[in-house]
Amino acid sequence: MSAIKKLAGQTAIYGLSSIIGRVLNYFLVPLHTAFFATDQYGVISEFYAYVAFFAVFLTLGLETTFFRFVNKSEDKEKTFNQTFSLVLILNGVFLLSVIVFAQSIANWMLFPEYSNYVIWFACILALDATTSIVMAKLRFQEEAKRFAMIQLVSVGVNIALNLIFLLVLFDDYPGAGIGFIFLANLLSSAIRPFFLARELSRFRFVLDKAVAGAMLLFAAPLAIAGFAGIINETLDRILLKRMLLDEGQTYAESQVGIYSANYKLSILITLFIQAFRYAAEPFFFSQAKNQDRDKTYSKIMTWFVIVVMLMFLVISLNLDIFKWFMTSEEFHVGLTVVPILLLANCCLGIYYNQSIWYKLVDRTMFGAYIAIGGAAITVALNVALIPTLGFEGSAWATLICYASMMVASYILGKIYHPIRYNLRKVALYAFSAIGLFFFGKWLTFDSFAVTFALHSVVILVFIALVFFMEKPLRQFKRNKSSET
């Protein structure tokens, strides 16, 4: 249990930066939906969808690769320098290429007037990709507090600039429009290198061909998996616009905006997953030689499912509250996709939890195979469902994709590196939460107060089930007595 407590503590600290930071960004949604119409918000969302693709390409899976190699290396500083050198080369070539072909890229995106934004985002991507490796070094050194501080400062700058640009300068510079949001992002990304000056000043360019080759061989499947994963996460926004263009570009961008704004209501589960992964990835590797590792992994999985399913219930049964984070009622027509996307993210989180099996045995190609399979499902279902269901088709495609990846990873894991998860408990909590959700939706009345009270009781039933099954208070007392 001490190992799990350590992971929980680090998850809490990383969560301070990941969850609190991105929740603060989440509070920008009311601001953005107040200042921009659905089609303008769609343009913003589409830019960030494209950015997500390149963010994976520009780190090339080298964060996880760094953890794998640094744990086996005697010269850990050299391992960092080698990793950072590879990322530096890749991002330098990328940035130069985008600057040269910015107008052509903007034309292809159907935004010919926004070539300057293409260059801004190339700079954002290069800054984020290079500093992410330095931040990975902080994670390896377990400098969680410093990591959290840097993340929070960057987020704080972004939020402050959004508030200044939109609340103070927007009326004076009406032509800037969505450019204010992009400029705030660029400046907040540029802040990070100043706080990482100590690590950057110690950097020495290293390019050992043998080590670089081994790193790239390990990283390539992770990069492919990451790229395919981003297809699963963001391609729906791009396909929505492209497949609805016959209705007019403004309409298509508006549908993207509605879908993207509602997608953000499922972000709380995503935020928890991100914070968990920051702490869990190095932790899982450190437990690889522990004889009780399977027991530890199983316990972590059970509690992970409890947390994400509880979050699913809280958000999905209180959409009448959460919907007001989208200031304009124009966006509320998309609320039907939120429970679907919440469940999809629960499946994705379980998949991430399971994925440690192929990393531990250096079979990262299986991660690529699973993600590619998921990407194929995403593309096929979006193409099939968008014409008839619109953005609801994209939501169902996301759920089916992540559920399929979760099942595929479990089946392959049983064959190549079995980890004995407590499937009975996991299934009990998952299906109980889904059943309680449908029961709670049935208990919906015209009175908000009555509905809220009944939905709260439904949520408490799930919590009572957890206490009955897990007996956390008894375990807590047992741990206290053993410490004394």
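Here, each number is a calculation from the coordinates, and none is a lab measurement. Since the model is a prediction, treat every value here as computed from it, not as a measurement. A quick note on method: Cβ atoms are made from the backbone with ideal geometry, for glycine too, and the neighbour counts reach across all protein chains shown.
State whether segment 73-220 is rounded, prolate or oblate according to the following rule on the C-alpha gyration tensor (a ≥ b ≥ c being the square roots of its eigenvalues): a/c under 1.5 gives rounded; otherwise a/b larger than b/c gives prolate, and the remaining case gives oblate. Provide the component values of the computation, followed by the final result.
Values: a/c = 3.37, a/b = 1.51, b/c = 2.24.
Judged from the Cα gyration tensor, segment 73-220 comes out oblate (a/c at least 1.5, b/c at or above a/b).
About its Cα centre, what dipole magnitude does segment 2-483 give when the only charges are +1 on Lys and Arg Cβ and -1 on Asp and Glu Cβ, stated in debye to the nearest 20? Present the calculation step by step, with values, prior to reporting the outcome.
On the way: 38 positive and 30 negative charges, 525 e Å.
The dipole magnitude comes to about 2520 debye.
State the extension gain, in nm to one decimal, for the chain segment bounded by L217 and A380, taking 0.36 nm per residue of separation less the distance between their alpha-carbons.
Working: separation 163, 0.36 × 163 = 58.68 nm, distance 2.96 nm.
Here the segment from L217 to A380 would lengthen by 55.7 nm.
Evaluate the distance, in nm, between pseudo-label points positioned 7 Å from the Cα of K72 and of A160 along their respective Cα→Cβ axes.
Inter-label distance under the simple model: 4.4 nm.
Where in the chain are the DSSP H helices whose C-alpha atoms run 15 Å or more along the long axis and whose mean Kyte hydropathy is at least 1.6?
Working: long enough: 2-26 (33 Å, 0.51); 38-59 (32 Å, 0.93); 76-100 (37 Å, 1.12); 115-140 (38 Å, 1.15); 144-163 (28 Å, 1.15); 179-195 (26 Å, 1.39); 209-243 (46 Å, 1.09); 249-263 (21 Å, -0.55); 267-286 (29 Å, 1.23); 293-316 (34 Å, 1.18); 338-354 (24 Å, 1.18); 365-389 (35 Å, 1.77); 391-416 (37 Å, 0.98); 423-442 (28 Å, 1.03); 448-470 (33 Å, 2.37); 472-483 (16 Å, -1.99).
For the chain, where a helix must reach 15 Å along its axis and average at least 1.6, the hits are 365-389, 448-470.
Is there a quick way to get the dipole size of segment 112-151? I mean about its Cα centre, with the Cβ of Lys and Arg at +1 and of Asp and Glu at -1; what is the value in debye to the nearest 20? Don't skip to the answer; put the middle values down first.
Numbers: 4 positive and 4 negative charges, 49 e Å.
Value, rounded to 20: 240 debye.
How much FRET efficiency would the formula 1/(1 + (r/R0)^6) give for L423 and F468, where r is the Cβ-Cβ distance and R0 is 30 Å, rounded to 0.05?
Details: r = 19 Å, r/R0 = 0.62.
So, using R0 = 30 Å, E works out to roughly 0.95.
Towards the positive end of the charge dipole of the chain, with charges on Cβ (+1 Lys, Arg; -1 Asp, Glu), say which of N71, I119, Y402 has the farthest Cα.
Checked the options; the winner is N71.
Just to be sure I understand the model, the point goes 7 Å from the Cα along the line to the Cβ. What's the resulting H332 to D172 distance in nm?
Each label point is offset 7 Å from its Cα along the Cβ direction, giving 3.5 nm.
Listed highest first by mean packing, meaning other Cβ atoms within 10 Å per residue, what order do 259-266, 414-421 come in? The partial results should precede the final answer.
Numbers: 259-266: 24.8, 414-421: 13.6.
So the order, starting with the most tightly packed, is 259-266, 414-421.
By how many nm would the segment from E142 to T444 lengthen if fully extended, with 0.36 nm per residue of separation less the alpha-carbon distance?
Working: separation 302, 0.36 × 302 = 108.72 nm, distance 4.66 nm.
Between E142 and T444, full extension yields an extra 104.1 nm.
Filter the cross-link list K76/K209; K241/K359; K137/K425; K76/K299 down to pairs whose alpha-carbon distance in this structure exceeds 26 Å. Let's see the in-between values first.
Numbers: K76/K209 17 Å; K241/K359 36 Å; K137/K425 36 Å; K76/K299 31 Å.
As for pairs spanning more than 26 Å Cα to Cα, those are K241/K359; K137/K425; K76/K299.
As I understand it, the dipole of segment 2-483 uses +1 on the Cβ of Lys and Arg and -1 on the Cβ of Asp and Glu, about the Cα centre. Which of F54, F448, V307 lies farthest toward its positive end?
The residue sitting most towards the positive pole is V307.
Go through K295/K471; K264/K295; K323/K471 and tell me which ones have a Cα-Cα distance over 29 Å in this structure.
Values: K295/K471 17 Å; K264/K295 34 Å; K323/K471 35 Å.
From the list (K295/K471; K264/K295; K323/K471), the Cα-Cα distance tops 29 Å for K264/K295; K323/K471.
Just to verify a number: FRET efficiency for M149 and K295, C-beta to C-beta distance, R0 = 25 Å, to 0.05? Present the calculation step by step, with values, prior to reporting the outcome.
Numbers: r = 34 Å, r/R0 = 1.37.
Result of the calculation: an efficiency of 0.15.
Projected onto the charge dipole of the chain (+1 at Lys/Arg Cβ, -1 at Asp/Glu Cβ, origin at the Cα centre), which of A376, A261, S132 gives the Cα projection farthest towards the positive end?
The one lying farthest along the dipole's positive direction is S132.
Compute the FRET efficiency between R242 and C123 as 1/(1 + (r/R0)^6), taking r as their Cβ-Cβ distance and R0 = 22 Å, and round to the nearest 0.05.
Details: r = 26 Å, r/R0 = 1.20.
Approximately 0.25, to the nearest 0.05.
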